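Have a look at the structure below before the remarks.
The values are calculated or read from the model by the stated rules, or taken from the named source; none is laboratory data. All of these numbers come straight from a predicted model, not from anything done at the bench. Here Cβ is always computed from backbone atoms with ideal geometry, including for glycine, and neighbour counts include all displayed protein chains. When the accessible area is computed, the model is the full protein with side chains, heavy atoms only, and any ligands, DNA or RNA have been set aside. Shrake-Rupley method; radii C 1.70, N 1.55, O 1.52, S 1.80 Å.
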Amino acid sequence: MENSEELMHPSETKVSRGDPQERATRRRYKESKTLSYKGVVTRMLNAPAGLYELDGALLLCTAYTQLRGGGRGLRVGARVEVCDVHLQQSPSPLFPTLVLSCCLRSRLRICDFSRLNTPCVPFSGSSNLYLHLLFRYRLRLPEYLWVCDVIDKLQEKLCPRLVRQTCITRLLSNGAQGPAEKLLFPTLSSWPSGRTERDLLEEMVADPHDCPLQEYCPLPPPWCLPPLSLFPTMICSSENLRGQEANQHLHWSHYSLRSRDLSMPHVLLGVLQASSSGSLLLKDQSSSLACLVLPAPVINWIGCVLEVRRYQLVTEVLRVKGVQEDQRSRVYAVFFAEDVRILHASHSSSSSCPDAGSGPHPPVKIPRREASWAQRHLVIESLEGRRTKPGQDKGLQFRATATWVDIREEGGEARRSENGGKSLTKVVLLFSCSSVRWFHFLQPNKLYRLTATGERDSGIFDRLSDPPLEIVSAPRLLQVPADWTLEDVEATPFSPGPADSSSIEEALKQSSSGSLLTVTGVVCSRLICDTQNTRAAPCSAHKVPDVFLPPGASIKVTITQPQSQSSASVYLDVSDGPYHLGLLPGATVMLQGLERKVSRSGRVYLRSVPTTHLSVLSPPTESFENVAAPPLVLFKQLTGTPNPQRAVCSVTCVLSVTLYWDCSGCGSAFVQGACDRSPLCASQSGVFRAKAWVKAEDGSGEVRLYLQDEAVLLVLGISRKLWEALQGRVLSRGKVVVKSRGRSEMPSDEHSRDPLADHVSFLMSRPAICRPLVLTFRQRVEAAGAVTPGLSQLTRFTRGEREYVTRVPAAPVVTCVQLQEAEPRALCHMIRDCSRSVNL
């Protein structure tokens, strides 16, 4: 090794001359050192990019020079000597710390040829993607190293099983961008322009020497391209599960991670595939990731390489109640179709059904469509949900109602022709087995082309068959074989809902006539409500693909419409079909085919049927605050409506506080770190709960308010640190209950023998509790639907030394939905709005 003392010398910071702004901009740049070095090639990192490893520690880059003979002697085991080479320290964190770069003045000589039986990969400048990007975008070494790393990661993700390597690295003859350049172009084009074009002659003979390697600025990666197998590990953490989703048994929780919240941007990239269960997957060579695209993507995207930069990752964790806790999790990505960039389009995207990873559904190979094959155009009118096939056969099926239409050509485009008043022919299509892959691509009011593979007689579309025996009173239908193809013809905007969609108020008021309803709303909450039934049908689990929920489970979903502040409970039976992605609190959904039911207690609810279709229209927003706020009311105006309402009030007294711990597995008492049902329940985790009854008034009337968990903390007005200390004290005994008589209770100097109860009683009686608050609440109703009766009760008042007992009507009972501190300015606006509504 020559000039070893100079090799280890740190780079100096170059201070440029010029105006102060230019000096501040260029202060980060470093100046490279020029030296000579001898070493052995230990690894060929990327021969087409001119990157080699020397002595297992240094990186040699030959992209900025011209190698004699294409560098055929640069093989593993060869001893080389480089003269007048530039040394840069830590130009990129993705490569070794010390980088030797050869410019046009540098010399590279093979001292000893390799004696190893290693392949020779010559460095070629023609049709070289790396050199094309280097010269076109005038890249410096740190930028060039990052570009090489991205291209390598792209090839590792896709080649050779999903995309041929030549499709990634080749240069198109017409000058169009290939997949790699499309991926890099937004970043490369955003970097500062103004770098002069390289003068190759000046680089070799000019004195003083000037070349792109003379100065550099270390470049942290602008973004990374991780494999899909890494995405689930980003969010699979129990610490991130949302608290509002943890019910009394911690059955179902979820967490969303947005792409912009990552410390470094992670680009989501893969080949879109559709499985025979109807699921959409992004796949690379490491793994596959389920995805939900909103609105539905076009069919031609199947088999294409998609790039997504704005997305959110969702993980759902399910803990099944039982003696041994069973925990399941599912991770998927949610993104909008407008945020997708197609890097590489597959010519056979519509003629194949790629596999969905390891599973019981093998890929279906379909030949290319020929012009002589029979085809017909149709418009989808309505869809039904996926469900398991009747009988012992595995797989799913769904039905769609469509209309055959005639097509005329205008300017090379297909348009729907007028039928001249003739009635259009309707047909019911049955998709089963592998043809279920079209489920997430079909949209109402959109034109499609259905091609019968291998059939030349168009009369095959009129050969209807009888429905299965299990389907009662169903029309004759056309079964779509697995090898038939479906294509988009026109891009009609997706309508958010059919014209016959009912509001929640209309759906709850309609008479039970047997007709099915369609409702659109925002999901407020969801709950697995049939856990005892989940153990009744374990044999059906193998028949339902994409199993996530327990066998036989049903879900209670509460949906609301912010415009009318109305809500409804919908019970969904998901035991006969796959779990639908995106059914999260805050998401906007459309439910088609619901039954209106009345419970024994007189409450009206909606229930799904086997053909109910669930569509997610939009994912959850940042928070639920963007939903229209409930109306402001006075307590004296309460009429008994169960819809959310708001009021500006203050707490007059705290009647009772209950602090306790529940077992996360079975819901029993949790004392001193163990379940009360131990050893039957082996759970070692608990959930802290808090309940309180308080009296609140707004100047017009008084109510009894029921609070839970975080709302209790807000009413007491204590710090988070003190609240956590209380939780630790309550854990040692399991439960603490403190009651007071309210305002009639006189302060006393006597103390009980329970210091914890005394402390909680002190917190309940502090003057700081009586302060203005913004309350969102629901009024409690009886089972039959009537408001809680306002019966009078004897109340004791104390004034001085005298006590008075009188009969006072009972205050309405309300349940807290949300409680907020009232900011002074916002409080003035709300009081003014409330007074206006009273005057009106």
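Points to keep in mind about this one:
- Residue in region 443-455 that is open to solvent by 10 Å² or more (accessible area, probe 1.4 Å) and among the hydrophobic types (A, V, I, L, M, F, W, C) present: no
- Candidates Asp55, Asp112, Asp84 - the one that is in contact with a Gly (Cβ under 6 Å, 6 or more places away or on another chain) and either over 28 Å from Ala180 (Cα atoms) or at pLDDT 95 or above (or both): Asp55
Conditions tested, residue by residue: (1) farther than 17 Å from Asp149 by Cβ; (2) touching a His at 6+ places or on another chain (Cβ under 9 Å).
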position	(1), (2)
Tyr52	no, no
Arg75	yes, no
Ala78	yes, no
Gln88	no, no
Arg105	yes, yes
Pro122	yes, no
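- Of all the listed residues (Glu53, Glu81), the sole one being out of contact with any Cys (no Cβ under 6 Å at 6 or more places or on another chain), surrounded by 14 or more Cβ atoms within 10 Å (Cβ to Cβ) and of a type in the set (D, E, K, R) is Glu53.
- Those residues of region 495-530 which are under 18 Å from Thr403 (Cβ atoms) and either open to solvent by 40 Å² or more (accessible area, probe 1.4 Å) or at pLDDT 65 or above (or both), in sequence order: Pro498, Ala499, Asp500
- Number of the exception - Thr97 against (1) touching a residue at least 12 places away in the same chain (Cβ under 8 Å); (2) polar (S, T, N, Q); (3) surrounded by fewer than 19 Cβ atoms within 10 Å (Cβ to Cβ): (1)
Okay, residues lined up against (1) within 30 Å of Gly77 (Cβ to Cβ); (2) touching a residue at least 40 places away in the same chain (Cβ under 8 Å); (3) surrounded by fewer than 20 Cβ atoms within 10 Å (Cβ to Cβ); (4) under 34 Å from the mean Cα position of the chain (by Cα):
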site: Cys102; (1), (2), (3), (4): yes, yes, no, no
site: Asp112; (1), (2), (3), (4): yes, no, yes, no
site: Asn117; (1), (2), (3), (4): yes, no, yes, no
site: Phe123; (1), (2), (3), (4): yes, yes, no, no
site: Ser126; (1), (2), (3), (4): yes, no, yes, no
site: Leu134; (1), (2), (3), (4): yes, yes, no, no
site: Arg140; (1), (2), (3), (4): no, yes, no, no
site: Glu156; (1), (2), (3), (4): yes, yes, yes, yes
site: Asn174; (1), (2), (3), (4): no, no, yes, no
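- Residue in region 17-27 that is open to solvent by 10 Å² or more (accessible area, probe 1.4 Å) and at pLDDT 90 or above present: no
- Condition check for Ser678: among the polar types (S, T, N, Q), without any contact (Cβ under 8 Å) to a residue 12 or more places away in the chain and either open to solvent by 30 Å² or more (accessible area, probe 1.4 Å) or in a helix (DSSP H, G or I) (or both): yes
- Scanning region 695-702 for residues that are open to solvent by less than 30 Å² (accessible area, probe 1.4 Å), at pLDDT 90 or above and within 32 Å of the chain's Cα centre (by Cα) turns up nothing.
- Residue that is modelled with the lowest pLDDT, among those in region 369-393 that are among the polar types (S, T, N, Q) and open to solvent by 40 Å² or more (accessible area, probe 1.4 Å): Gln392
- Members of region 45-85 that are over 25 Å from Glu143 (Cβ atoms) and over 48 Å from the mean Cα position of the chain (by Cα): Arg68, Gly69, Arg72, Gly73, Gly77, Ala78, Arg79, Val80, Glu81, Cys83
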